[in-house]
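Single-structure report; data block below.
Please treat every number below as a calculation from the coordinates, not as lab data. From a predicted model like this one, the values you see are computed outputs, not experimental measurements. A quick note on method: Cβ atoms are made from the backbone with ideal geometry, for glycine too, and the neighbour counts reach across all protein chains shown.
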Amino acid sequence: MGQKLKIYTDKRYYTPEKVFNWILQPWEKEFGVSHPTEDSELARYTRNGQEYFERTSLEDCDIAVSPCQWIEDHTNEDIFELAQAAKACGKKVLVFYFSDSEDKVPIDNAIVFRTSLSRSTRTANEFAMPAFFRKPEDFWSKDWEARKKEPKATVGFCGNVDNRAHETNPLKACLKNLGYSIMKRPKLMCAFESFGISITKHKGRKLRTQLLHAFEKSNAVQTNFLVREFFNNGVGRLSPEKQADAALKAKQEYIANTLGSDYILTPRGGGNFSYRFYETLSLGRIPLFLNTDCVLPFEEFINWKDTLLWVEEDELANAPDIAAKVHQQTSEEGFIKKQEACKTLWKEWLSYDGFYKNLWRYLA
């Protein structure tokens, strides 16, 4: 274990209506918060967290920690008040920004960990953090196994690609179908954009569409795509009494698709990060990572390019050939070891427990 950090926090700065800061989960009872007991990874950190952090006074701490996460479109007065108190003692305040937004946190003594971050606009006090989720294995009873290497790589994806299914107006549906056809053709898309015509403002949707289309028309790899008509397979559109069973079924199909593939397409979503990227690692499969000016967690300590199937954004059209070449050059033993490395990397660095256990590297 690394260095134990001294942190200061106070219940006075907690607003129950806001999202509780998970770093303080080991002291949840003090704040009247209960973590979901079925979330095995959050429970692991709740048990272990006091080994990583020691609560002290503001004067003696390494850093002050807000009990609430930063929320866009809110006043965040509780964090501002704590930051001012910390500044008066010559201390910094630790802020967690779990969002698609890349808006800056206007606190000059803040150290900000955020899910969505672009290298070209990053400031010196900003660092990437992983997206957190319930461990997929909480929904899956089968033992994990690495895939054996086959001559041809299998590239998987399970999810929603575009939003045409939501449109009921015939004219708008026609325009969305036209837009979707244009999005699949990057050169045509660029031609429209050169005239100031935006087909979509959602960069993640555009890239996801183009990436899947590139693989669908290629023979370089085997595809294993389960394309959903709606986000989360439309679970939110069902009546409340049907949602639990439908959500479990959708999650298990998602896990099966991931485990049944060698590599998983993990392009960014609404923010410049991807839940699927971290879920893929947790399941011991290799993400095909499309670098869209990204900053990854702990990149000073993790050689990400050795772990991922790395594709630059301007190489998108050639992604199937890149995947095939990397797969061909990887030995059978190396392929299995890379899957094991992905699973270990997530547990030791990117899960709740792994992330907070390693936070001292930036703050000590």
Within the stretch 34-112, list the GluC sites (Glu not before Pro) lying in a DSSP loop whose Cβ has at most 13 other Cβ atoms in a 10 Å radius. 38, 59, 72
Where both residues lie in the chain, what percent of DSSP beta bridges are antiparallel, nearest 5? 5 percent
Return the label of the correct value of volume of the Cα convex hull per residue in Å³, as calculated from the structure shown, out of [x] 138; [y] 159; [z] 201. [y]
Tilt of helix 319-329 relative to the longest C-alpha principal axis of the chain, in degrees (0 to 90, nearest 10)? 80 degrees
Dipole axis of the chain (+1 Lys, Arg; -1 Asp, Glu on Cβ), positive-most option in 101, 323, 363: 323
May I ask you to order 268-277, 128-137 by the average number of other C-beta atoms within 10 Å around their residues, highest value first? 268-277, 128-137
Have a look at the DSSP beta bridges in the stretch 5-114 and tell me what percent are antiparallel, nearest 5. 10 percent
Most to least packed among 211-219, 279-287 [average Cβ atoms within 10 Å]: 279-287, 211-219
Calculate for the chain the 222 nm mean residue ellipticity that helices alone would give, adding -39,500 (n - 2.57) per DSSP H run of length 4 or more and normalising by residue count, nearest 500 deg cm²/dmol. -10000 deg cm²/dmol
Which one of 238, 290, 42 has the biggest mean-square fluctuation once the chain is modelled by GNM with Cα springs under 10 Å? 238
Quick one: helix 170-183 against the long Cα principal axis of the chain, what's the angle to the nearest 10°, folded into 0 to 90? 90 degrees
Of 149/347; 152/325; 104/305; 203/249, which ones are farther than 18 Å apart at the Cα? 149/347; 104/305; 203/249
Taking the Cα centre of the stretch 5-114 as the origin, how large is its charge dipole in debye, to the nearest 20, when only Lys and Arg (+1) and Asp and Glu (-1) carry charge on their Cβ atoms? 360 debye
Relative contact order (percent, whole number), the stretch 1-59, Cα cutoff 8 Å, 6+ residue spacing: 57 percent
Rounded to whole Hz and in sequence order, give me ³J(HN,Hα) for the stretch 19-25 from the Karplus expression 6.51 cos²θ - 1.76 cosθ + 1.60, θ = phi - 60°, writing x for Gly and Pro. 7, 5, 7, 4, 4, 9, 3
Taking amide H positions as placed in the peptide plane 1.01 Å from N, state which residues far from residue 226 in sequence (5 or more) or on other chains have amide H under 5 Å from it. 157, 158, 159
If I build a Gaussian network model for the chain, linking alpha-carbon pairs within less than 10 angstrom, which residue out of 310, 346, 27 has the largest mean-square fluctuation? 27
